[in-house]
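Let me begin by handing over the structure; questions about it come next.
The values are calculated or read from the model by the stated rules, or taken from the named source; none is laboratory data. Only a predicted model underlies this, so the values are computations on that prediction, with no experimental measurement involved. We place every Cβ from the backbone using ideal geometry, glycine too, and count neighbours over all the protein chains shown.
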């Protein structure tokens, strides 16, 4: 965990991290101008977005489906044993139980989500099954688990990963919840993608806040909060303290602002301003947004410094620092 935090800290200094076979991008340009008119592209939150983007890009080239791509990309993160905020290896709630949330959405309005799910290795794929195989948008808790079993998803042993168990044992000494901005206890992966034809899709998956109350659900599985996609306009996704994002319907807000003529960057900045205005103790809250419009322009902004994102195009895959309202 310390190594991961060190890696994130180093990445915030502006270093470009490349994947095999992908060329560098100029990282000094502003996000909104840098990718103007670029198609296809894939965006995802945080440094774990780099390997996620690589898998998404490979799937896009293989199948031509941006929906397949955004599912495949975040499945990578759901299996990352070093990641303590996504997947069954994530940090548990205060009862010592890991519960997962996920959502997936296409630009035609089709969407599926699951929340408060236990024992499912790939909640993003379960969310897609909800979208494609049920008349519903969201399934939660035991109902989602029963649906997973009916769909042939294997039930994993309910046991904390070694890293999560170690951190949970430390937490139990005081059993206090004190959020620390910019680190693993709330760095969901959200991914949005645009294909060459202008079709959009997005995905979002998380194990939620560490040591949350049992049953707590954040923004990630809530369409319009953690994720929103519209082929007519663009797409947005969020990361950070879910409650603060839900209060402003953050991702929907950004897409609607773009519909009204704002650039992705302007829309993300306005969403952050509204979030700051609607939440108390903002010094303890981090939240960040990513957006792309149908022309391929990109935006990113956060409450505090420290938010970064991965951007993949035909030119390469790179980690980029996002701007923030409160400067360091």
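Does residue 128 satisfy being touching a strand residue (DSSP E or B) at 6+ places or on another chain (Cβ under 6 Å) and either surrounded by 24 or more Cβ atoms within 10 Å (Cβ to Cβ) or closer than 24 Å to residue 190 by Cβ (or both)?
Spelling it out, residue 128 is indeed touching a strand residue (DSSP E or B) at 6+ places or on another chain (Cβ under 6 Å) and either surrounded by 24 or more Cβ atoms within 10 Å (Cβ to Cβ) or closer than 24 Å to residue 190 by Cβ (or both).
On the given criteria, is residue 72 at pLDDT 95 or above and part of a helix (DSSP H, G or I)?
Yes: the conditions hold for residue 72.
Quick check on residue 172: is it at pLDDT below 95 and surrounded by fewer than 20 Cβ atoms within 10 Å (Cβ to Cβ)?
When the stated conditions are applied, residue 172 passes them.
Can you tell me how many residues within the stretch 245-282 are crowded, with 17+ Cβ neighbours inside 10 Å and modelled with pLDDT under 95?
Of the residues in the stretch 245-282, 2 are crowded, with 17+ Cβ neighbours inside 10 Å and modelled with pLDDT under 95.
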